[in-house]
Structures are given as structure tokens and as C-alpha cells.
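One structure is given here, and the rest of the page talks about it.
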Amino acid sequence: MKSMHALDIELVEMTLDIMKYAVNRISNTNPELGSPKKEELLDKLVGTTITEDGIGGEKAFHLFKDILVKAAVPVDHPRHLAFVPAAPTRAATLFDLVTSASSIHGAYWMTGAGGIYCENQAMKWLVSLTGLPRTSFGVFTSGGTAANLSAMIAGREYWRSLNEENKAYKALLITSAGAHSSIKSMAQVIDADIILVDDGEDGRLTGDLLHNKIKSLSKVDRKRLFAVIATGGTTNAGIIDELDTIAEVCEKEHLWFHVDAAYGGGALAAPSVRHLFNGIEKADSITIDPHKWLFSPYDCGAVIYKNLNLAKKAHSQKGAYLDIFKDEGAQGFNPADYQIQLTRRLRGLPLWFSLATHGTKRYQDAIERGLELAQYAAKTIDSMSHVSMIRPLGLSCVLFERNNWSADDYKNWTYDNHKKGFALVTPTKWKGQTISRFCFINPDTTEEDILKILESMK
Ligand SMILES: *Cc1c(COP(=O)(O)O)cnc(C)c1O
């Protein structure tokens, strides 16, 4: 029987088909807005694909491109304004293919030096956006969740190392009510308790609110407290906590200060809003998701540490078969030492290639474009009588309501637009009330798209 790794004519033909599909998809600015189908229906349309002898690449690929891909939402669709959309650059997506084809193990310098070198150049730029000291550095992770987890582990291990007493306590951290769900989940993963500070009328955690909360803690809780997590752009509303005053409190109270800027971090590159992040340069760790507002394909997150050594102490893995990677000859930066994952894809490579191709100025412009679209949407909503803004803009998040709509109206409108293949805009909640939300990332979204979507609410 032929080896499945054999290079034969059939494989060459399939390669061409697949490359053709990839090139077409990468150059398509208006991909079909797919929508999910029930599993039973997919079973009928697709059926069993994994058999003893295989169904053949040609058939499997046809099923994928004719049926399955249409049962998924292309996140880079210009009228996909739900959740946090994505809009990888064409250069980045192309280089994602190159990253796969190159088969590089990205955990250690010994096997991945050339690729890690590129990732690190992109990382240097990211770090420079934060204003952290030059000795700070980071690594690319699978996303914001993994970055938050890696940072929390580093912070807790540092706290535990401070004295024997801390090792006996269950750790406690403070964040805001508007913090991302992954913070709560990852606190569970590290078995830490979490206190959510009510972030006031405008949803913004401040140094004062934090200080008052710390003062109200019991003696034991104060001892258990090791970290504060502020958000640099909440996912729902784009709210940036008052980072400078929070940083001051953390410094005084000797607490690890983490800033979760998974969504908002891209806006550090946008001069028009950079000042809103003042204080981020005092963080002990920062999360930024290049797969959100820095135009990388999924998946690519990043965690940055002020003191890289503290991350290494927490994350460096030991094993007899791993010693060789730390050998003199292989000395260099080992990404595995700074986050939870060992074997890793060089997921920062697509970002590197795109940055190298376009330059950082084009990134700045593309991010400013997202902010501009949000301003346009807000202005338009203000000028229309059937819709109104719920709160001022937070970065590129627009929270607005359709006058007199019930939660069901929002839901039906969402489904209807999605089924038609027109747009995906999903409802959210603000202070308990169901409303609508736009999040702008994609610079290909047009003013006309926004108008049409708002008019469809009439
Ligand atoms: C998206 C997001 C996360 C989670 O990141 P993933 O990449 O989805 O794992 C965490 N925090 C914030 C603020 C986010 O917007």
C-alpha cells in the first residue's frame, strides 16, 4: 500500500486545488456570510467522512468548500460587527500558510531560532507600544485566555515566593465587574478566589474604588490578595479602567498589576486614544490579542511581562529529555519558559510578516479607521429618530438601542439579518437591559454598511 506521505501526482493536483481556493479566499473582500446549520442537517448533507479507507481528498475538500465552510461565519466579513470581529491582513493570512508549511517547533530556540527571531521582532514593537521598560518582554500565546492565565500564574508564584505564609493561603485577586469572562474562568483554573469590584456608574474601575475595596477586606483576605486585574478596553463596551491610579494603589499595596488589553491593546498604536491607557507602563503583565485588533489570523494572543525572570520561574518546564534545549549551543530565547504551553506553533510569524510588509504606520492607520467607523456610527445614530446611543463610545464599541424594542425584537432582527447573509450584529446587555452593539475592527467596513444596518432596524 502506498505511504500516505508519498509525493505523487494526485497530491500535486490537490495542492493546486487547495492553493487556488486559499488564494481566492484571501483575495475575496466580501465572503459569503455563512450561518450554522443543525448537526442533523449537516449529517444529511455531509455524512460520514472518516472511514477505514478514507473518502479521498478531492471529495473531502468539496464537502468542506461546498457545504461546511458555508455553515460558518467568516469573521472578516465587513458587516460582521458582533463579539470582537477579526480582520487578518492578506499578508498575515498568507504567512499563516507558510508557518504551517515550514513545520517549525516554536518552544525552544534550539529548534525554532529563525522563527522565534521574527516573533521577537514583532514582540519588541508590541512592548514598545506599552511603554514598559526596555527589559520587559513577552511571548505569543494561543489567545487572551491563555495569556491571562500565564500572567496570573506568574503573579501568584511570585507572591508565593515572598514568604512561607503565602504558600498556605488560597490566593485572592481583585478585578472589575466588567472584566472578561476568561478572568473568572482562569481564576478557577488556578484555584484562586476572585472579588469583582462594582465599577460604578460608568463601568470604570478606578484607584479609589480599588483602594476602598482593599480597605474593606478582612485581615485574612488582605493577606490572600496577590493581584489586581484591570481591563484595557472591556469586551462589551470598550471601557478602559483608570490604569494610572490603579497602578499607584498596586504599587503601594505591593500587588501584582495585570492589564487585560486583549481587545483594546491594538489601540495602543492609535495616537488619538493612546492617552486613555496612561498607567499601562506600570503593569507587571499585559495581555494583548493580535488576533483581535492587530489583524493576525487565529489564533494569536500575547502576554508581556515587566520582569521576564518572574515568568520564567513560574513556567519553565523541567524534564530529562528537555535539558538539551537549554544547552549552551542552543542558548537563546525559549518561548516555552514564559507561558503555559510547551509545543507551540510560531503563531507570531503571520503578525511579523504583515508588520514587516506594511510597516507600523499602516497598522496605526487601520486601527484609527476602526475608531473612525465607531464615531461615524455614533453620529449617525444620534441623527436618526428610531435608534439612540446608550453610552459614549468606548474605543470601537458602540452600544445603542432601537427605541421600543424588546429582547425578542433584537434577537429576531439578528437572526433575520444573519439568515439573509446580510450582516451579523448581535444584542448585548447594559445595566440589565437588552440593547444592540457594534464592534469595529475591520477597516474594510464602510459607512454605507453602517447606514444599511441601522436602516434595517426601522
Ligand atoms: C477576547 C478577550 C479575552 C479572551 O481572549 P481569547 O483570545 O478569546 O482567549 C480576554 N480578555 C478580553 C478583555 C477580551 O476581549
Per the rule of 0.36 nm per residue minus the C-alpha distance, extending residue 69 to residue 193 adds in nm 40.6 nm
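Taking the number of other C-beta atoms within 10 Å as the exposure measure, put 205, 255 in order starting with the fewest. Mind showing how you got there, number by number?
On the way: 205 31, 255 21.
Ascending number of Cβ neighbours within 10 Å: 255, 205.
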Under the 7 Å Cα-to-Cβ spin-label approximation, residue 201 and residue 419 lie apart by a distance in nanometres of 4.3
Measuring from its Cα centre, segment 105-350 shows a charge dipole (+1 at each Lys and Arg Cβ, -1 at each Asp and Glu Cβ) which, in debye to the nearest 20, is 460
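Please arrange 18, 280 by how many other C-beta atoms lie within 10 Å of their C-beta, fewest to most.
Numbers: 18 15, 280 26.
In order of increasing Cβ crowding within 10 Å: 18, 280.
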A student asked for the Cα radius of gyration and Dmax of segment 151-221 in angstrom ought to give 13.0, 40
Computed from every Cα-Cα pair in the chain, P(r) in 10 Å bins starting at 0 and rounded to whole percents is 4, 19, 27, 26, 17, 7, 1, 0
In nm, the gap between the two label points placed 7 Å beyond Cα toward Cβ at residue 62 and residue 167 is 6.4
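Under 8 Å for C-alpha pairs, at least 6 residues apart: give me the relative contact order for the chain, rounded to a whole percent. Show your work: numbers first, answer last.
On the way: 823 pairs, mean separation 99.2, N = 458.
Worked out over the chain, it gives 22 percent.
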Here the percent of antiparallel bridges among DSSP beta bridges lying wholly in the chain, to the nearest 5, is 55
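What pairs from 59/420; 124/306; 167/219; 167/313; 65/411; 44/70 go past 19 Å between their alpha carbons? Can you show the working numbers first?
On the way: 59/420 28 Å; 124/306 13 Å; 167/219 16 Å; 167/313 15 Å; 65/411 29 Å; 44/70 15 Å.
Violating the 19 Å Cα-Cα cut-off are 59/420; 65/411.
What is the order of 169, 410, 338, fewest Cβ neighbours within 10 Å to most? Numbers along the way, then the final one.
Details: 169 17, 410 21, 338 27.
Least to most surrounded, the residues fall as 169, 410, 338.
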Computed over segment 105-350, the relative contact order (Cα-Cα under 8 Å, seq sep at least six) in percent reads 31
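Throughout, read-outs are computed from the coordinates displayed, never taken from laboratory work. In this text, all values refer to a predicted model and were calculated from it rather than measured experimentally. Cβ atoms come from the backbone with ideal geometry, glycine included; neighbour counts cover every protein chain shown.
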